[in-house]
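Structure below; questions to follow.
The values are calculated or read from the model by the stated rules, or taken from the named source; none is laboratory data. Being a predicted model, the structure only gives us computed values, none of them experimental. Neighbour counts are summed over all protein chains in view; Cβ atoms, including those assigned to glycine, are modelled from backbone coordinates with ideal geometry.
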Amino acid sequence: MIRISGGIAKGKKIKALDTMSTRPTLSRVKTSLFDMLVNRVKDAVILDLYSGTGNIGIEALSRGAKRVIFVENNVAQARLIKENLMIVKFLEHADIITLTVSEAIQMLDKRMARDKNMTGFDIIYLAPPFLKGLVWSTIEAIAKSNLISPGGLVGAEHHKKEEVLPLAEGLSATDPLIHTKQRRYGDIVISFYERG
C-alpha cells in the first residue's frame with residue numbers, strides 16, 4: 001500500500017501490485033518532489049508518463065491539480081490506476097491511456113495539433129524503468145512535441161547512472177527544453193527541464 005502524503009486525500013492508501021515490474025516513487029522522494037512543485041500543482045493539467053500505480057498523478061490531484069492524464073501500457077497496472085482513482089474519488093478528474101509512452105506522445109501531439117482549444121501540459125512527469133535507455137529518449141520526444149505549455153515543467157525520475165543532457169532539441173532552435181535543476185536521493189535523481 002502507498003500513502004497519499006498531502007492535500008485533500010492525505011493519509012489515504014492506494015494499492016500497488018505485488019510485482020517487480022513497477023517501482024513506485026519512494027515516499028521521501030515524492031514528498032520532496034511536491035515540496036518543490038507546491039506553487040505549480042494547483043489547477044495544473046498534468047501528464048503522468050510510465051504511471052505504474054498512479055502514485056504521482058494521484059498525489060497531484062490530491063494537492064489541487066485540475067486534471068491528470070495517466071499513460072501506462074500494462075493493462076493490469078492501468079486497471080489498478082483506475083481502482084486507485086476510485087478509492088480517492090478522483091476518477092472524474094483523470095484519463096488513463098493504455099498505450100506505450102511513445103505512442104501516447106504521438107497521439108496526444110496530433111490531437112493537440114487538430115484541436116486549437118487544447119493547450120499544453122503544465123507539468124509532465126516521467127518515471128520510466130531504470131537503466132533501460134528510456135529517460136532521455138522520452139525527454140527528446142517531449143521536446144519535439146507540442147505537449148509542454150510555455151513555462152511548463154518536465155520532471156524526469158531516473159537512476160544516477162543514466163545520463164541526461166543540458167538541452168533537448170525542441171520544435172525549433174529557439175525552443176528547446178533546458179535543464180534547470182536536479183535533485184539526488186541516493187541512487188535516484190530527478191532532473192527538471194523547462195521550455196526555452
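So that you can scan it fast, the table gives a plain yes or no per residue for (1) within 30 Å of E163 (Cα to Cα); (2) buried (at least 19 other Cβ atoms within 10 Å of the Cβ):
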residue: E83; (1), (2): no, no
residue: K89; (1), (2): no, no
residue: I96; (1), (2): yes, yes
residue: L134; (1), (2): yes, yes
residue: S149; (1), (2): yes, no
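Next question. Could you list, ordered by first residue, the pairs with Cβ atoms under 9 Å in which the first is in the range 73-92 and in contact (Cβ under 8 Å) with a residue 24 or more places away in the chain and the second is assigned to a helix (DSSP H, G or I) and among the β-branched types (V, I, T), at least 6 apart or interchain?
N73/V101; I81/I58; N84/I58; L85/I58; I87/I58; V88/I58; F90/I58
Consider M107 carefully, then state whether it is loosely packed, with under 15 Cβ neighbours inside 10 Å, under 22 Å from L134 (Cβ atoms), of a type outside the set (D, E) and without any contact (Cβ under 8 Å) to a residue 40 or more places away in the chain.
yes
Condition test on R40, is it in contact (Cβ under 8 Å) with a residue 40 or more places away in the chain, surrounded by 16 or more Cβ atoms within 10 Å (Cβ to Cβ) and of a type in the set (K, R)?
Yes; evaluated as a whole, the condition is true for this residue.
Out of the residues in the range 33-56 that are out of contact with any helix residue (DSSP H, G or I) (no Cβ under 8 Å at 6 or more places or on another chain) and in a helix (DSSP H, G or I), state the one that is modelled with the highest pLDDT.
R40
Within the range 168-179, restricting attention to residues that are under 19 Å from the mean Cα position of the chain (by Cα) and of a type in the set (A, V, I, L, M), which residue is nearest to A141 (Cα to Cα)?
Of everything passing the filter in the range 168-179, A168 is nearest to A141 (Cα to Cα).
Out of (1) over 19 Å from I124 (Cβ atoms); (2) touching a residue at least 12 places away in the same chain (Cβ under 8 Å), what's the single condition that is false for G11?
Failing condition for G11: (2).
Output the number of the condition that M107 fails; it satisfies all remaining conditions of (1) under 19 Å from Y193 (Cβ atoms); (2) out of contact with any helix residue (DSSP H, G or I) (no Cβ under 6 Å at 6 or more places or on another chain); (3) modelled with pLDDT of 95 or more.
The failed condition is (1).
Hey, which of the strands (runs of 3 or more DSSP E) in the range 71-186, taking only ones fully inside, have at least 1 residues that are at positive phi and small (G, A, S)?
Where strands (runs of 3 or more DSSP E) fall fully within the range 71-186 and carry at least 1 residues being at positive phi and small (G, A, S), they are 148-159.
Being over 23 Å from N55 (Cβ atoms) and of a type outside the set (D, E) is the filter here, so list the residues in the range 107-129 that pass it.
M107, K110, R111, M112, A113, R114, K116, N117, M118, T119, G120
Quick check on the range 168-182. Is at least one of its residues surrounded by 17 or more Cβ atoms within 10 Å (Cβ to Cβ), among the hydroxyl-bearing types (S, T, Y) and closer than 28 Å to S32 by Cβ?
no
Kindly indicate whether any position in the range 78-100 is at pLDDT 95 or above, acidic (D, E), under 27 Å from W136 (Cβ atoms) and in contact with a Gly (Cβ under 7 Å, 6 or more places away or on another chain).
Taking every residue of the range 78-100 in turn, none turns out to be at pLDDT 95 or above, acidic (D, E), under 27 Å from W136 (Cβ atoms) and in contact with a Gly (Cβ under 7 Å, 6 or more places away or on another chain).
Here's the yes/no breakdown for (1) buried (at least 18 other Cβ atoms within 10 Å of the Cβ); (2) modelled with pLDDT of 85 or more:
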{"position": "I4", "(1), (2)": "yes, yes"}
{"position": "G7", "(1), (2)": "yes, yes"}
{"position": "K10", "(1), (2)": "no, yes"}
{"position": "I14", "(1), (2)": "yes, yes"}
{"position": "S21", "(1), (2)": "no, no"}
{"position": "L26", "(1), (2)": "no, no"}
{"position": "T31", "(1), (2)": "no, yes"}
